[in-house]
Structures are given as structure tokens and as C-alpha cells.
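The values are calculated or read from the model by the stated rules, or taken from the named source; none is laboratory data. From a predicted model like this one, the values you see are computed outputs, not experimental measurements. Note that we place each Cβ from the backbone using ideal geometry, even for glycine, and neighbour counts take in every protein chain shown.
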Amino acid sequence: METSKVFDTLDRKIEKLLARLKQLEGENERLKQDHEKAKADLAAARKAEKESSESRGAVERLERDQEVVRERLEKLIRALEAAEAKG
């Protein structure tokens with residue numbers, strides 16, 4: 001009889017451990033999915049940062065080009081005004 005109780009107790013403990021193992025396996029799978037999502041999010045963020053940096057560089061180049069054009073136009077206007085004053 002005592003042996004029967006021991007085996008019943010062992011069976012219950014094994015069942016609890018198996019249930020916990022199944023729970024942990026599910027949690028592990030969820031964590032793996034979360035990890036993969038986090039990796040994808042990080043890659044997307046890095047790509048966005050790179051594109052943003054490239055965009056900032058393009059904007060800066062356009063601003064410099066615009067400033068050069070503005071200076072050339074001002075110089076041309078001054079030359080035209082000077083020519084008109086002489087003429």
C-alpha cells in the first residue's frame with residue numbers, strides 16, 4: 001500500500017512537471033517569435049535611420065546648391081542693374 005502512494009505521488013509530480021514543461025515550451029516559442037520581431041524591428045529602424053541620414057545629406061546638398069544659385073542670381077541682378085544704369 002505504501003508503495004502505491006509513493007508511485008501515485010511520483011505520477012502527480014511527473015504530470016505537474018510535464019504540464020510545466022509544456023507551458024515553458026509555449027513561452028519559449030513566444031519569446032522566439034518576440035525575438036524575431038524585435039530583430040526585424042531593429043533592422044527596419046536601422047534602415048529608416050540610414051534613409052533619414054541620406055535624406056538629410058540630400059537636403060543639405062540641395063540647400064548648398066540653392067545658396068549658390070541665389071548668390072549667382074544676386075550677382076546677375078547687380079550686373080544687370082549696373083548695365084541698365086550705364087545704358
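Of the candidates LYS5, LYS75, the single residue that is part of a helix (DSSP H, G or I) and surrounded by 10 or more Cβ atoms within 10 Å (Cβ to Cβ) is LYS75.
Table: residues versus (1) within 27 Å of the chain's Cα centre (by Cα); (2) not charged (D, E, K, R).
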| site | (1), (2) |
| --- | --- |
| GLU54 | yes, no |
| VAL59 | yes, yes |
| GLU67 | no, no |
| ARG70 | no, no |
| ARG78 | no, no |
| LYS86 | no, no |
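Residue by residue, here is whether (1) modelled with pLDDT of 95 or more; (2) small (Gly, Ala, Ser) holds:
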position: ARG30; (1), (2): yes, no
position: LYS37; (1), (2): yes, no
position: ALA83; (1), (2): no, yes
position: LYS86; (1), (2): no, no
